[in-house]
1. Distance cut-off 32 Å, Cα to Cα: go down the list 12/138; 4/145; 57/102 and report the pairs above it.
2. Relative to the Cα centre, what is the charge dipole magnitude of segment 1-113, using +1 at the beta carbon of each Lys and Arg, -1 at the beta carbon of each Asp and Glu, and rounding to the nearest 20 debye?
3. For the chain, calculate the relative contact order in percent as a whole number, restricting contacts to Cα pairs under 8 Å that are 6 or more residues apart.
4. Between the helical axis of 75-89 and the dominant principal axis of the chain, each derived from Cα atoms, what acute angle in degrees is found, rounded to the nearest 10?
5. Between residue 13 and residue 90, what length in nm is gained on full extension when 0.36 nm per residue of separation is reduced by their alpha carbon distance?
6. If you take the square roots of the eigenvalues of the alpha-carbon gyration tensor of segment 3-89 and sort them as a ≥ b ≥ c, do you get rounded (a/c under 1.5), prolate (a/b over b/c) or oblate?
7. Students often get this wrong, so check it: of 42/80; 53/104; 30/104; 39/129, which have C-alpha atoms separated by over 28 Å?
8. Over segment 98-148, what portion of Cα pair distances is larger than 18 Å, expressed as a whole percent?
Amino acid sequence: MSLKTEIDGQIKAAMLAREKVRLEALRDIKKLILLEETKEGKSGELTADEEMKLLTKAAKQRKDSSEIYRQQNRADLLEKELAELAVIEEFLPKQLSEEELKAKLQEIITRVGASAPSDMGKVMGVATKELAGLADGKIISATVKALLA
């Protein structure tokens with residue numbers, strides 16, 4: 001089942017349950033999908049990879065906004081952003097733990113033959129492709145830097 005179809009079903013359920021914040025987050029996801037599908041040069045259907053990129057981007061925006069709201073002591077807006085983030089994360093694959101991430105990155109480092117911090121570019125190129133959606137890019141970068149140091 002495509003993400004769009006799943007979102008439509010979730011929207012109906014949220015409307016029946018009168019879950020305002022969930023409904024708003026689901027509608028926002030659907031809007032992103034529709035905008036991406038109707039973009040110039042697109043065939044109409046998104047691949048699973050493109051859907052994951054959209055969801056990852058939306059989740060990152062919510063995280064960034066919630067951090068800003070936390071710094072500005074805006075509890076009302078912070079609560080809304082975190083609730084929407086929780087809904088978006090339901091559709092994303094489970095994030096790797098710190099130990100799992102280190103193990104995967106160590107395997108990638110061994111595979112590409114990296115040994116010094118100057119090899120970080122080689123490792124990051126492979127790691128960002130293989131771990132897309134499973135870990136945040138900043139965390140991947142910091143872990144690779146620590147492992148190569």
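Every number in this text was worked out from the coordinates using simple rules, so none of it is lab data. None of the values given here were measured: they were computed from a predicted structure. Here the Cβ positions follow ideal geometry from the backbone for every residue, glycine too, while neighbour counts run over all protein chains shown.
1. Check vs 32 Å cut-off fails for 12/138; 4/145.
2. 200 debye
3. 19 percent
4. That helix lies at roughly 70 degrees to the long axis.
5. 26.2 nm
6. Cα axes put segment 3-89 in the oblate bin.
7. As for pairs spanning more than 28 Å Cα to Cα, those are 42/80; 30/104.
8. That tail contains 13 percent of the Cα-Cα pairs.
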